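**Q** Let me begin by handing over the structure; questions about it come next.
All of the numbers you see were taken from the coordinates with simple rules; none came from a lab. Everything numeric in this text was worked out from a predicted model, so none of it was measured. Neighbour counts run over all protein chains shown; Cβ positions are idealised from the backbone, glycine included.
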Amino acid sequence: MAAILSVKNISFQYPSYPGLESRKLLDNISFDLEKGSMNIFLALPGSGKTTLSRILSGLVPAYTGGQLSGEIDKKAETGIVFQNPDEQLFCSTAEKEVVFPLEAAGLSREEIGRRADMAFQKTGIEYLRFKNPVHLSGGEKRRLLISVLCATGPEIWILDETLEEIDILGREEILSFLKSSGKTILILTAKMLDVYKKYADTFFIYTDSHLKQFQIGSSQDFADAVKAGGFCLAEAMPDENSIRALEAAEFKNPVLKVADLCFSYPDSDFSLSIENFALEQGKITAVIGTNGCGKSTLSHIIAGLLPPSAGTILLEDKPVSSEKLNRNCSYLFQNPDYQLFLPTARAELEYGLKLQKMDSCEIEKRVQEAIKIFGIEHPDAPPVLMSYGQRKKLQAAIYWLLNKKIVIIDEADSGISSKEYRQIIEAFRQSPANPAILIITHDIQLAALEADKIFRMGAL
Amino acid sequence: MRKSFLYKADPRLKLILMLIYTIAFFCPVSALRYGLLLAPILAAGFITCGWKSFLSVFKLILPLLVLTAALTPFFSGIYETIRIIIRFIGITALFFLYFKTTEQDEFIQALRFFGMPYRFALVISISTSYIPLLLDTYHDAASAHKLRYTENCPAVSRWNFTARFRAILPVLASVLIQAIKNIPTLAMVLEIRGVGKAKPTVFRPIQCETPLYKQFLLYFLPITVIILILVIYAA
């Protein structure tokens, strides 16, 4: 079958900045995508997936600078979903996001309406149509961006780590839809999800500047390459009995207890109700559930960032103020950039310790330790120029230094590999503060491997 | 929740009314007349958002109001200070209510109705829609920064304004970095959404239950006349 997209000997390097010497991201890679095929491109974070997706979409180097060599032969239009959906959404309603490119293309009202209806129906988010994208969950935002592609209808769809934050049922639904769409799909990811095997035609594995291609069926070689590349946590999914056992587990001496918690947002039909929830020091609790079920809301309440409408929160058996919760909780946000503001990564690491009036020698020693444990590659570089994965690690290192009683890790696994994610969890587990760790995840394998208790919200 | 009349009002008439009102707040009239201009805006705000939500808008300009109240009397007297404060409150409330009750798309259409080219209208609309987005970013950044304090950090008194002001600076820096980072990304997004490739169309043209001429007669004309009486009669 003819290739709709042909990439030949592509290499790319971003410009260098003070403190951040750029390296070659993509090194002489070549591949073809066949028309109508579904392709999974596996590569570790920081290896150039996002850059490749933007090169294929014509955005890099046009908007970023840098040196690109090689040839790209595109026989059709491309559409892209960014790794961070917040960067791509700017309209006031989900419908407007879908309709905007159709209006810009000068289509008639009837055609726009028909395409928008079809897009919302096929991606299963008709119920979000008149909601403000700002208020959607990470998974819902990604579904919305897929709806935009569906409505605009380019022949080649490029999805940059799009399925990671979508719940298990949602992934199955979206992949099934993508497969039946007849479009050429390229999914770039750092995680080998089991469900890909069911739908993908071709896998590309990019490690150590080498690209290998696998067709379905060439299983043992492929499985070995996936394992060697660190793209999966475990070979098999956990069985339902072990999940149930983890759900039934109870903590004997919880550090934090939540009872009869209720919460609702003003001007929204969303409401959260939790009868009992607990965290224990030295133990890991994984919260799993569908997109939009309130996992992040629960963790915001626990961190004292949202006041509950009703219910009690006890820290070490005492009622607590939101400020006390703030001071006892670390929260690794989905977006690591909210708290970065200093000129270097090292200054960011030192900041929290300086607030504690710690001795400067002690600060230097501890910061060096954090840099080593979390693998911060350029401690003297501006965080804003670091890769997404490096910024996530920096955020984790900042909190690790603060030694708080509770650590909340909110779907922090996009942009970093499974191995690195587990290293972050392990670093917190080994921390002298022996914190209670709360992981919010869609990854049932991760939950089963790491957690001492699983707390399920909504259906899964 | 039932939406107030402001949501149903035509965005074009609301836009002109907002501009007339803004000009009126800069006219040389007494504080009492400023108060009379302000009263219906506050009433509309309370009906539209509820008093708690509406008052929270003014928390954002509270430092500005406090500074004005503290410093202006020494230079211009108390009477002028009251006028300036009413002006700030009135204009803030006006713009807040307009953008609260008008969809981004309706705003673009209103601007285009008055002859503004599509690209200019889009730029203005995106800029205004970024204000609430920046506000959301500010709240997220403020939350993230709160969590950088530990039990070992000295407690900050509510009344220690210097310390509280210093604590805001890192949050503002984070928001600024986010905003600057968004500029090239937004340019990319507009390109991949096809802006500028064809003559744009409109999927949902402005539609109001009450015809435009009725709205003009029902509220636009009477309010404009009252504003003119308050302003011109005084002059």
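**Q** Once both axes come from the Cα atoms, what is the angle between helix A:219-229 and the longest principal axis of chain A, in degrees from 0 to 90, rounded to 10?
**A** 50
**Q** So, one more: Run through all the Cα pairs of region A:3-229 and give the fraction in each 10 Å bin from 0, expressed as whole percent.
**A** 8, 32, 35, 20, 5, 0
**Q** Same structure, new question: With n ≥ 4 as the cut-off for DSSP H runs, can you work out [θ] at 222 nm for chain B, using -39500 (n - 2.57) per run divided by the number of residues, rounded to the nearest 500?
**A** -24000 deg cm²/dmol
**Q** Between 0 and 90 degrees, rounded to the nearest ten: what's the tilt of helix A:345-355 against the longest Cα principal axis of chain A?
**A** 20
**Q** About its Cα centre, how strong a charge dipole does region A:11-142 have in debye, to the nearest 20, once Lys and Arg get +1 and Asp and Glu get -1 at the Cβ?
**A** With only Lys, Arg, Asp and Glu charged at Cβ, the dipole is about 140 debye.
**Q** Any idea what the relative contact order of region B:104-204 is, in percent, if you count C-alpha pairs under 8 Å spaced at least 6 apart?
**A** Once normalised by length, the contact order is 26 percent.
**Q** Past the 39 angstrom mark, what percentage of all C-alpha to C-alpha distances in chain A do you count?
**A** Within chain A, distances greater than 39 Å cover 23 percent of Cα pairs.
**Q** Put +1 on the Cβ of every Lys and Arg and -1 on every Asp and Glu Cβ in the protein assembly as shown; which of A:Phe214, A:Ala249, B:Phe114 then has its Cα farthest towards the positive end of the dipole?
**A** Farthest along the dipole direction, towards plus: B:Phe114.
**Q** Within 10 Å of each residue's Cβ, count the other Cβ atoms and sort B:Tyr219, B:Tyr233 from fewest upward.
**A** Neighbour counts put them in this order, fewest first: B:Tyr233, B:Tyr219.
**Q** Over 10 Å intervals from 0, what percent of Cα-Cα pairs in region B:104-204 sits in each interval?
**A** 12, 32, 24, 16, 11, 4, 0
**Q** When Cβ neighbours within 10 Å are restricted to other protein chains, what is their mean count per residue of peptide B:175-188?
**A** Whole-number average of other-chain Cβ neighbours for B:175-188 is 4.
**Q** List the relative contact order of region A:3-229 as a percent without decimals, with contacts defined as Cα pairs under 8 Å and 6+ residues apart.
**A** Computed value for region A:3-229: 28 percent relative contact order.
**Q** Can you grab the distance from the C-alpha centre of region B:38-53 to the C-alpha centre of region A:109-161, Å, no decimals?
**A** Measuring centre to centre over Cα atoms gives 35 Å.
**Q** Where does each of A:Thr93, B:Thr162 land when they are ranked from fewest to most other beta-carbon atoms within 10 angstrom?
**A** By the 10 Å Cβ count, ascending, the order reads B:Thr162, A:Thr93.
**Q** Taking 7 Å along the Cα-to-C-beta vector as the label spot, tell me the A:Val384-B:Asn160 distance in nanometres, rounded to one decimal.
**A** 2.9
**Q** Would you kindly give the portion of the calculated P(r) for region B:15-57 that falls above 11 Å, as a percent of all Cα pairs?
**A** Working: 623 of 903 pairs.
Taking all Cα-Cα pairs of region B:15-57, the fraction more than 11 Å apart is 69 percent.
**Q** Another question, if that's okay. Per DSSP H run of at least 4 residues, take -39500 (n - 2.57); add these up for chain A, divide by its residues and hand me the 222 nm value, nearest 500 deg cm²/dmol.
**A** Working: 15 runs with 161 residues, N = 460.
Taking each H run of at least 4 residues, the total per residue is -10500 deg cm²/dmol.
**Q** May I ask you to order A:10-17, B:67-74 by the average number of other C-beta atoms within 10 Å around their residues, highest value first?
**A** A:10-17, B:67-74
**Q** Now for a different question. Please find the FRET efficiency linking A:Ala259 to A:Ala3, where r is the Cβ-Cβ separation and R0 is fixed at 51 Å, and quote it to the nearest 0.05. Kindly include the intermediate steps, with their values, before the conclusion.
**A** Working: r = 60 Å, r/R0 = 1.17.
Computed FRET efficiency for A:Ala259 and A:Ala3 comes out at 0.30.
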